[in-house]
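Report on the following structure.
The values are calculated or read from the model by the stated rules, or taken from the named source; none is laboratory data. Worth saying up front: this structure is predicted, and the values here are computed from it rather than measured. Here the Cβ positions follow ideal geometry from the backbone for every residue, glycine too, while neighbour counts run over all protein chains shown. Keep in mind that these areas ignore ligands, DNA and RNA; they rest on the heavy atoms of the full protein, side chains included. Shrake-Rupley method; radii C 1.70, N 1.55, O 1.52, S 1.80 Å.
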Amino acid sequence: MSQNALETGTAEADVDTDSHQDSDVMVEIRDLRTYYEGDGLLGGTPVKAVDGVSFDIKRGETLGLVGESGCGKSTLGRTLIQLESATGGEIRFDGTDITTLSGADLKDWRRNAQMVFQDPDSSLNDRMTIGEIVREPLDVHSWKTPRERRQHVKELLDTVGLQREHYYRYPHQFSGGQRQRIGIARTLTLEPEFIVLDEPVSALDVSVQAEVINLLEDLQEEFGLTYLFIAHDLSVVRHICDRVAVMYLGNIMEIGPTEELFSNPANPYTHSLLSAIPEPDPTAHKDRITLQGTPPSPRFPPSGCPFSTRCPARIRPPEYQDLDNELWHQLDTLREVLRERDRTEKTVTDRIRELLGKEPHFGTIDEIYAELFDDQEVPPAVEEVLDDAAELARGGNEQAALDLLGAEFGSVCEGHVPDGANEANDTDAEESVEPDYHVVSPSGRRSLCHRHDADADYRKPEHVLDDRHR
Amino acid sequence: MSMNEFDDMRLRDRIAANPRPALFWLVGALVLIALELGRIADGVLRLGGAMGLMVDMVVTIPSSVRGAVASSFGTGAGIAAFVVTAFILLGIVAIIVKWLFIPWSLVDRLGIDVSTGREDILERLLVTGLLAIVAAALVWTPVGGLFEMLIGVLTRGVEAVGSLTTITSREIIPNQGYQLPDGSWEGTFLGLSPAWAWALRVLVVYAYALTWLAWLWKGYEIFREHYREADWTPRDDSINRLRTHYWGVFGFVVVFMFVVMALWAPAVSPVTAEKNLYSPYEHEIQYQGDDGVESITHGDANMNSRSRGGDQNVGLMSYDDYDRFHPFGTNADGKDLFTFLAYGAQVSLVIGLLATVLMAVIATVLALITAYYKGVADLLAIIASDSVIALPRLLLVLLLSVLFMQANHPIAEIYNGGLLLALIFAGTGWPLLWRSVRGPALQVSEQEWIDAAKSYGQSPTATMRKHMSPYIAGYMLIYASLSLGGVIIGVAALSFLGFGVQAPTPEWGRAVFEGKSFVSTSSWHVATLPGLLVVFLVTGFNALGDGIRDAIDPQSDSGDGSAAAATGGGG
């Protein structure tokens, strides 16, 4: 889902006003895309791991990057330090676009940006001593003399809370927390300004996590480091980060100051993500927003808003405004089921059953309908659409059924052009509409959702969620 | 902190700080070297000769290419081909020279500023240019003559050293003599019987080799105790595990005995190969005949002591009519079987090692490259290796060796076809080795430390060398030692079929071939003993490979050991 020129323009304009407010921007990321090519030699549809993100990282801050597994946050981090090459877009590091660097320039630049890896068992080469491991970056960049390198490494071991004598030990003689400290020492050897922390504590014991987090904070203070902190543990993020970016399916849904984002989220996805944090107080009353279905495949993201297939606050078409919430839920479930059916590869036995007129394994449409709508009051208009869709689905054409349902019950969220604009701009009718980033607070917090659009008269997400889920 | 001071020293500094243990060991080593200086110098001379031969061959390549091209495309094309070929060869040599002898960067010294990728290429071009200048100087200026003179002087010097007697030489412990009518022996060591003199010499050889082994172990212990930085390394555990792995120790003992037999073949054999095998009619022996002491050539004596079954037999541990002792009897031509086998061990060892090392190098490099880059590189390697594996190996080997030998290709002349066999076995064997280490290589390439190395700008070659190769080296060692047995069996099989190493160069397979018609007669030993030795040796290599595998990787305990041994043994 590549953003069209107009929207990219507005997004950039937003970010640019941001950067004017705070001139000390270290990394500027503009419409960054990282796609993984298909497995076959001839390509195929790429996996869109990072699909057009734009944000800034300010000097000296800790920017958190959260999202569920597989949303592309690790890929984004790896692209930032050029472990993956970007498919498109720019990463301007102090003004230089590093996606265009190669050879000696790239090697030189690498001194500025380093990475702490997730798994301390896998990030240290077991056949080398701690000293060799930590010293290697210095050797690679021919830093001063070997004697000074050894000295420097020993000082670093001191800095990260290990002992100088550990220089000659091997990694397997250390615990997970100590190994992570060694990994941190290695990233510090070249004195980088920017460090990507890829879930640095998620593989550690809870008791050790706090120690490593504190160490990272101390180091940031001592060396004036800038962190990109990738995590899925939201409480850790809340503790350590100055700003947070929430990612979903290769897109940034919301980005802004941590406290504000946690206490008063704007984007529906942030709402549902935060509602998943367990509350330590067992008496506290809390409504968890459970998302429907599974995340879509990043190979075939939905058109329109990336979150549209699961959004709990999706905009509903005005003509069905007065439908019951319960019925909406069932309609969404039906579309999810159809999508799943469409995505499922049919096995040979399934095809044979189909040919013989028997039911496929995953139940007939009638069964599904019975389960979903039997105890619902379905208005005649909806009933009619549902019957047509059922007819299509029975013929094995799930995609057509989905299109029909989408046309009837879909909205701007799924890329359908709102009725008013349809005639005015006929040529764009085929083009799907995508949401824009909207500034949602004075601090410059941005969120990707149609509901923030001041021109259109949508209700705020939090109100919708209150209505629908509480 | 004193610990810190100690830490910052290199091995050389640490030895300088505490030289006594190192000196002690060094003196012992020098004494051991001095005892066998002549033989060592001899070995160096032979190695130098082989290398000289190879250099000569390589040097003629550009000219022969020019000749071939000029005859079909004209003189201009010929000269161009000459230049291109010479440049490619110099380039290959330059990579080796740079790797071995030039630790610093010429590009940096000259202050040329280029990007990293081009730096390596430029560096190699510079070295190639320097080599070209040296080569031109050698060919067209008096420097060449000077160089040749220098080599000559050096060779004569080493030759002089080589003529020194050693404790294992047959001049010190002679075992060739004749028995006087009164039963005493003339010409042997201290008047002992030839059997005892020979046994004594073999004993001295093995004692000497064992002393070396013990001394090297002592050296390792001294290093560990006095000079090593770390108190403990994973290798210590590996060595301890190997020491208590009795199957592996058995393999080590067998391989050690075999290697010593090959290295000291002239000493452990009752008679030299030159006299007995290669030119038997040019050397004479003395024996006690009917009319006192008489002389006879080795060849004539051999003719009368052949083992061809029935009455014509010189069996195990027996003397022939000319007072010569034959520990393993004689073969069908009357030649001493033990001598034949000892020198044959040399041939087997050279071919086996050469083929295995070549195979292992190809497989390792390929495994590293395919695992690091994956994608197209991997696919190409898979296609290439599958194409080779698809052909039955022994048939392919047979075809190639017959082809080259019939064509009288110059390679087939070297070492009586030995080099050719090694190359053929390496060329057909690498896919199996590559396949065995591909999995481990892919596995290690997924580790995060590879990403980490990339993130601070480590070059791909250095990453492969430092972060990947140690993890497949263990596997490679095991599979290589297993396939070494396969190569030895393969060479023996080829020679048995008559297509391997040609006469008169001794080879175990040919010994079996020549004795096969006497297996059911009194001369059973001619074919049986070499056959048993092959079985024994290959078992030994497999056992050693098992032992090393279990020592390096305790998790992979012998559960699948038999399967690996079975696949490795199939030559």
Can you report the number of residues in the range A:252-294 which are assigned to a loop (DSSP other than H, G, I, E, B), touching a Lys or Arg at 6+ places or on another chain (Cβ under 7 Å) and closer than 22 Å to residue A:242 by Cβ? 1
Condition (residue is open to solvent by 50 Å² or more (accessible area, probe 1.4 Å), touching a helix residue (DSSP H, G or I) at 6+ places or on another chain (Cβ under 8 Å), of a type in the set (A, V, I, L, M) and more than 29 Å from residue B:249 (Cβ to Cβ)) applied to the range B:523-543: is it met by at least one residue? no
Does any residue in the range B:59-88 that is under 22 Å from residue B:125 (Cα atoms) and in the same structural domain as residue B:129 (by TED's automatic domain parsing) come within less than 7 Å, Cβ to Cβ, of a residue that is among the small types (Gly, Ala, Ser) and open to solvent by less than 50 Å² (accessible area, probe 1.4 Å) six or more places away or on a different chain, and which pairs are these? B:62/B:86
Within the group B:475, B:479, which residue is open to solvent by 30 Å² or more (accessible area, probe 1.4 Å), within 14 Å of chain A (Cβ to nearest Cβ) and modelled with pLDDT under 90? B:475
Single condition residue A:278 does not satisfy, out of (1) surrounded by 14 or more Cβ atoms within 10 Å (Cβ to Cβ); (2) more than 29 Å from residue A:334 (Cβ to Cβ): (1)
Residue count, the range B:222-256 (criterion: within 14 Å of chain A (Cβ to nearest Cβ) and either in contact with a Ser or Thr (Cβ under 9 Å, 6 or more places away or on another chain) or closer than 24 Å to residue B:28 by Cβ (or both)): 8
Tell me, please, whether a residue that is of a type in the set (Ser, Thr, Tyr), buried (at least 19 other Cβ atoms within 10 Å of the Cβ) and more than 14 Å from every other protein chain (Cβ to nearest Cβ) can be found in the range B:503-519. yes
Among the residues of the range B:374-392, the number that are open to solvent by 50 Å² or more (accessible area, probe 1.4 Å) and more than 14 Å from chain A (Cβ to nearest Cβ) is 6
Of the conditions (1) within 13 Å of chain B (Cβ to nearest Cβ); (2) open to solvent by 20 Å² or more (accessible area, probe 1.4 Å); (3) out of contact with any Ser or Thr (no Cβ under 8 Å at 6 or more places or on another chain); (4) in a helix (DSSP H, G or I), the single one that residue A:191 does not satisfy is (4)
Could you say which residue among B:160, B:195 is out of contact with any Lys or Arg (no Cβ under 7 Å at 6 or more places or on another chain), touching a residue at least 24 places away in the same chain (Cβ under 8 Å) and assigned to a helix (DSSP H, G or I)? B:195
With A:391, A:371, A:377 as the choices, which residue is touching a Gly at 6+ places or on another chain (Cβ under 9 Å) and surrounded by fewer than 17 Cβ atoms within 10 Å (Cβ to Cβ)? A:371
Residues that are more than 7 Å from every other protein chain (Cβ to nearest Cβ) and of a type in the set (Gly, Ala, Ser): which helices (runs of 4 or more DSSP H) entirely in the range A:69-169 hold 1 or more of them? A:73-80, A:130-140
Would the range A:101-109 turn up any residue that is of a type in the set (D, E, K, R), in contact with a strand residue (DSSP E or B) (Cβ under 6 Å, 6 or more places away or on another chain) and more than 30 Å from residue A:176 (Cα to Cα)? no
In this structure, is residue B:281 open to solvent by 20 Å² or more (accessible area, probe 1.4 Å) and in contact with a Gly (Cβ under 6 Å, 6 or more places away or on another chain)? yes
List pairs: first in the range B:409-434 and closer than 23 Å to residue B:545 by Cα, second open to solvent by 40 Å² or more (accessible area, probe 1.4 Å) and modelled with pLDDT under 90, Cβ under 7 Å, 6+ apart or cross-chain? B:428/B:393; B:433/B:479
